[in-house]
Amino acid sequence: RLADLSEATRAALRAFLPPVASLRNPVDVLGSATPEQYERSLRLLLDDAAVCAVLPILLPSPLYPVQEMAQAVARAAGDSCKPVICALMGGATIGDAAAVLRAARLPAYPYPERAAAALGVLARGNAEQQARVVGQLRRKLLRGGQERRQGLAIVAGQRAIDRPEAVV
């Protein structure tokens, strides 16, 4: 499911993208976007609380080398803890861009559909992992004392708890 971008994110994008750019998900910065606009857009998307991951689509452009666009993606993704999985289209013309993404440890797929499938696998895996962790914490909380509950709550991302239900 595509995230509903916040009005603040759309307003920030509107401030520097061309008027014909699509500011709703999926965001289209257009083929004329500069590497700086691409990076700034990606940073805004990654900062939006509704966005869990971003799938940038990179392809050769007559205006800017795709390697520069890949560098912009790598810079923006490097500052975020959210997944960035790229679609890097263009066959033999994208070798340098692929090297940039590899160096930044960003996965790149030759088609958007394959990148989206990879995001789907990641999302399903995260949901299953979270369910396992919550189940394990619940079992441990029911067996442990107050000190153990507080220690486990910190692991689970809670600040402080006084009853086991606060973690689940």
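The values are calculated or read from the model by the stated rules, or taken from the named source; none is laboratory data. Just so it is clear, the structure is predicted and the values come from calculations on it, not from any experiment. Cβ: placed from backbone, ideal geometry, glycine included. Neighbour counts: every protein chain shown.
Among the residues of region 52-76, those that are closer than 14 Å to Ala97 by Cβ and buried (at least 22 other Cβ atoms within 10 Å of the Cβ) comprise Pro56, Leu58, Val66, Met69, Ala70, Ala72, Val73. Annotation: of all residues in region 1-46 being surrounded by 15 or more Cβ atoms within 10 Å (Cβ to Cβ) and polar (S, T, N, Q), the one that is nearest to Leu63 (Cα to Cα) is Thr34. Note on region 61-88: residues that are within 17 Å of Pro35 (Cβ to Cβ), within 23 Å of the chain's Cα centre (by Cα) and assigned to a loop (DSSP other than H, G, I, E, B) total 1. Do we find that Leu30 is touching a Lys or Arg at 6+ places or on another chain (Cβ under 7 Å), aliphatic (A, V, I, L, M) and at pLDDT below 95 in this structure? It is false that Leu30 is touching a Lys or Arg at 6+ places or on another chain (Cβ under 7 Å), aliphatic (A, V, I, L, M) and at pLDDT below 95. Given Ala116, Ala123, Ala92, Ala49, which one is surrounded by fewer than 18 Cβ atoms within 10 Å (Cβ to Cβ), at pLDDT below 90 and within 17 Å of Pro26 (Cα to Cα)? Of the residues listed, the single one that is surrounded by fewer than 18 Cβ atoms within 10 Å (Cβ to Cβ), at pLDDT below 90 and within 17 Å of Pro26 (Cα to Cα) is Ala116.
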